[in-house]
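Quick notes on the structure that follows.
The values are calculated or read from the model by the stated rules, or taken from the named source; none is laboratory data. Since the model is a prediction, treat every value here as computed from it, not as a measurement. Note that each Cβ is placed from the backbone with ideal geometry, even for glycine, and that neighbours are counted across all protein chains shown. Surface areas here come from the heavy atoms of the whole protein model, side chains and all, with no ligands, DNA or RNA. Shrake-Rupley method; radii C 1.70, N 1.55, O 1.52, S 1.80 Å.
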Amino acid sequence: MVSSEKNSLVKEINLEVGRFIRKIRIKNGLTGAQLGKLIGVSQQQISRYERGSNGISLPDLIFILSIMNVSFSDLISYSSYLE
């Protein structure tokens, strides 16, 4: 039971983080390919992050936030940040 709850939570987190990455990428005028090049992954991997099908590593997430001038606390409360 606990394992399925954890898996569900991980999926939800991946989806929310992916949505946030997509919104800040677009807000900063970057394509998926451009962001991928900046962090050293393919455009396909960026797409997987944004769809939530792959989780992003914490170092890559922090690097994206830093190059987009977004704080980690903005990620935590991103709905208010993007409005």
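General observations
- Near pairs, Cβ below 8 angstrom, 6+ apart or cross-chain, from the stretch 30-51 (more than 14 Å from Ile67 (Cα to Cα) and touching a residue at least 24 places away in the same chain (Cβ under 8 Å)) to any residue that is among the acidic types (Asp, Glu) and surrounded by fewer than 18 Cβ atoms within 10 Å (Cβ to Cβ): none
- For the stretch 1-23, a tally of residues being aliphatic (A, V, I, L, M) and open to solvent by less than 90 Å² (accessible area, probe 1.4 Å) returns 5.
- Identity of the residue in the stretch 24-71, open to solvent by 30 Å² or more (accessible area, probe 1.4 Å), part of a loop (DSSP other than H, G, I, E, B) and among the β-branched types (Val, Ile, Thr), that ends up nearest to Asn7 (Cα to Cα): Ile56
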